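The values are calculated or read from the model by the stated rules, or taken from the named source; none is laboratory data. Not measured: the values here are computed from a predicted model. Cβ placement follows ideal geometry from the backbone for every residue including glycine, while neighbour counts extend to all protein chains displayed.
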Amino acid sequence: MKGLVVAIDGPSGVGKSTVGKAVAARLGVPYLDTGAMYRAVGLAVKRKGIALPLEDREAVVAVASHVDVRVTGSAADARTWLNGEDVSREIRTPEISAYASAVSAVPGVRRRLAGMQRSLALEGGGVLEGRDIGTKVVPETPHKFFLTATVEVRARRRFAELSARGAPQTFAQVLSDMEARDHADSTRADSPLRDDGTYTRIDTSALSVEEVVDRVVSAVGRGVQPPG
C-alpha cells in the first residue's frame with residue numbers, strides 16, 4: 001500500500017459515510033465511498049428495466065460490466081458518476097438502496113467493484129467504507145473499524161435523513177426496510193457483512209459523530225493492530 005488505508009464497515013444507517021468523510025478530512029487522505037459505487041450500479045440496473053427481485057443475474061452482471069462508475073471529489077464534496085453523469089443525489093433514495101443491496105449480493109458485481117476499490121486504495125490510500133472492506137477489499141490494513149448501533153437507532157437516523165432530503169417515509173417503513181437490508185447483507189453467500197474478529201468495534205448508539213471520529217482517528221494515530 002502506497003498510503004494510509006482505513007477500512008470502515010458496518011450495517012446500513014450506522015453512519016459509515018458521515019464518519020468516513022470526517023475521518024478522511026481529519027487525516028488528510030482521500031475518501032472512497034464504495035457504497036455509492038454499488039448504488040450507481042443499482043441505478044444502472046433499474047434504468048435497464050430490470051425489476052426487483054433480481055432473478056436474471058447474468059443480465060445484472062452484464063450491466064455492471066459495461067458501466068463506468070467513478071467516485072470523485074474531496075471528503076467534503078464527494079461525487080458519484082455513472083457513465084459521466086453526476087448521480088450523487090439520485091442514488092440516495094430508498095428505492096436505489098434496495099437495488100444496491102440486491103446487486104451487492106451478485107458475486108460477479110462484487111468481484112468487479114471490489115477489484116476497482118482495491119486498486120484505488122492501494123494506489124493512493126484513503127478511507128473506504130462499506131460492508132466488506134476489511135474482509136475482502138483490503139484485509140491487510142491494520143486500521144479496520146466495525147461500526148454498530150441498534151436497528152432502532154439506525155432507523156431513526158435514516159428517517160431523519162430522508163425527511164431532511166424531502167423524501168420522507170413512515171418510521172415503520174424505514175425500520176422494516178432496514179431490517180430487510182440487514183438480513184440480505186448478512187446472509188448473502190458472497191462476502192457477507194460480518195465482523196471477523198480483526199476489527200476495532202465501535203457501538204455508535206449513544207455516541208455523536210464527533211465522538212466516533214475521535215475514536216477512529218485516535219486509534220489510527222496509535223497504530224492500532226487487529227485484536228487477537
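Go through the stretch 23-61 and give me each residue that's more than 20 Å from Asp9 (Cα to Cα) and in contact with a Gly (Cβ under 6 Å, 6 or more places away or on another chain). Residue satisfying the conditions is Val61 alone.
Just so you know, in the stretch 1-33 the residues that are more than 15 Å from Lys144 (Cα to Cα) and among the β-branched types (Val, Ile, Thr) include one that is surrounded by the fewest Cβ atoms within 10 Å (Cβ to Cβ), and it is Thr18.
Only one entry in Val71, Val61 is in contact with a helix residue (DSSP H, G or I) (Cβ under 8 Å, 6 or more places away or on another chain) and modelled with pLDDT under 95, namely Val71.
Go through (1) modelled with pLDDT of 95 or more; (2) out of contact with any helix residue (DSSP H, G or I) (no Cβ under 6 Å at 6 or more places or on another chain); (3) within 22 Å of Ala24 (Cβ to Cβ); (4) not aliphatic (A, V, I, L, M) and name the single condition Gly126 misses. Among (1) modelled with pLDDT of 95 or more; (2) out of contact with any helix residue (DSSP H, G or I) (no Cβ under 6 Å at 6 or more places or on another chain); (3) within 22 Å of Ala24 (Cβ to Cβ); (4) not aliphatic (A, V, I, L, M), the lone unmet condition for Gly126 is (1).
I'd like to know if the stretch 45-61 contains one or more residues that are free of Cβ contacts under 8 Å to residues at least 60 places away in the same chain, surrounded by fewer than 24 Cβ atoms within 10 Å (Cβ to Cβ), under 21 Å from Lys136 (Cα atoms) and in contact with a Lys or Arg (Cβ under 9 Å, 6 or more places away or on another chain). Scanning the stretch 45-61 turns up at least one residue that is free of Cβ contacts under 8 Å to residues at least 60 places away in the same chain, surrounded by fewer than 24 Cβ atoms within 10 Å (Cβ to Cβ), under 21 Å from Lys136 (Cα atoms) and in contact with a Lys or Arg (Cβ under 9 Å, 6 or more places away or on another chain). You will find that of Leu4, Leu32, Leu52, Leu82, the residue that is touching a Phe, Trp or Tyr at 6+ places or on another chain (Cβ under 8 Å) and not β-branched (Val, Ile, Thr) is Leu52 and no other.
Within the stretch 189-208, the set of residues being in contact (Cβ under 8 Å) with a residue 60 or more places away in the chain and more than 17 Å from Phe146 (Cβ to Cβ) comprises Ala189, Asp190. For the stretch 209-227, the candidate set comprises residues that are surrounded by fewer than 13 Cβ atoms within 10 Å (Cβ to Cβ) and modelled with pLDDT under 95; within that set, the residue that is nearest to Thr148 (Cα to Cα) is Pro227. Take the residues in the stretch 64-87 that are touching a Gly at 6+ places or on another chain (Cβ under 9 Å) and in a loop (DSSP other than H, G, I, E, B); name whichever of them is nearest to Arg118 (Cα to Cα). Checking each candidate, the answer is Asp68.
Ile50 passes every criterion in (1) assigned to a loop (DSSP other than H, G, I, E, B); (2) within 13 Å of the chain's Cα centre (by Cα) apart from (2).
Which residues, taken from the stretch 92-127, are within 24 Å of Glu161 (Cβ to Cβ), hydroxyl-bearing (Ser, Thr, Tyr) and part of a helix (DSSP H, G or I)? Selection gives Ser97, Tyr99, Ser101, Ser104.
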